[in-house]
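Each remark here refers to the structure printed beneath this line.
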Amino acid sequence: MRLPDDEKFDTPYTDDMKEDVKYHRAIDILVSKASKDKDPLSRKHALYLLSMTGELQFVDIFTNSLHDPEKAVRSQAAQSLVQIGTPVFEKVVILLTDSDWRVRYRAAEILGMMKNRDAVKPLIQALTDEKDHVRYMAAKGLWLVKDPEALAPLRNSLTDENVYVRTMVKRAIAAIDE
């Protein structure tokens, strides 16, 4: 895309306007890379660079990337959402009901890393998820938030069938009881 020639317009482009056009072109490229590139490393790095803008307009790209087949891309998408924080809280809570356990896992991870006390109830609910990975991350999230409200539900999870979930539950209880 070329900038219009200055002589064709009453107001010539200033350097700031040219930089703005370049910025928007770069953002368009990153959005495309994050969403469609065949290379997972390109998708991951594009997500990282988009998160550096701090703009909320990319939240849907980050949440959609939680469905990416590549673990590193999902991880970067989660980090990007954590970086945004409170404005995405409700969207992340909704992801705890996604049909894909990997998305539920990342949602529990994000909520824990946000350390928002409002995450306690959704994370407690996630302690009963059908997938052990999600239950593990819910316990880890509760460990990070450290809210005493989680103690009773965590104690109920001490008998979880998965040894890793039980271990994380014990850590969470110990951290909250400190």
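The values are calculated or read from the model by the stated rules, or taken from the named source; none is laboratory data. Quick caveat: nothing in here was measured; it's all calculated off a predicted structure. Note that we place each Cβ from the backbone using ideal geometry, even for glycine, and neighbour counts take in every protein chain shown.
Below, the figures for the structure above:
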{"quantity": "Residues (surrounded by fewer than 21 Cβ atoms within 10 Å (Cβ to Cβ), of a type in the set (A, V, I, L, M, F, W, C) and touching a helix residue (DSSP H, G or I) at 6+ places or on another chain (Cβ under 7 Å)) located in segment 125-178", "calculated": "144, 151, 158, 173, 175, 176"}
{"quantity": "Residue count for segment 65-91, restricted to those that are within 25 Å of residue 121 (Cα to Cα) and surrounded by fewer than 13 Cβ atoms within 10 Å (Cβ to Cβ)", "calculated": "3"}
{"quantity": "Which listed residue is buried (at least 23 other Cβ atoms within 10 Å of the Cβ) and among the β-branched types (Val, Ile, Thr), from 94, 110", "calculated": "110"}
{"quantity": "Segments classed as helices (runs of 4 or more DSSP H), wholly inside segment 47-139, with at least 1 members that are at pLDDT 95 or above and farther than 25 Å from residue 170 by Cα", "calculated": "59-65, 71-84, 89-95"}
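Every residue, every condition in (1) touching a Lys or Arg at 6+ places or on another chain (Cβ under 9 Å); (2) on the phi > 0 side of the Ramachandran plot; (3) β-branched (Val, Ile, Thr), yes or no:
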{"position": "66", "(1), (2), (3)": "yes, no, no"}
{"position": "101", "(1), (2), (3)": "yes, no, no"}
{"position": "119", "(1), (2), (3)": "no, no, no"}
{"position": "146", "(1), (2), (3)": "yes, yes, no"}
{"position": "154", "(1), (2), (3)": "yes, no, no"}
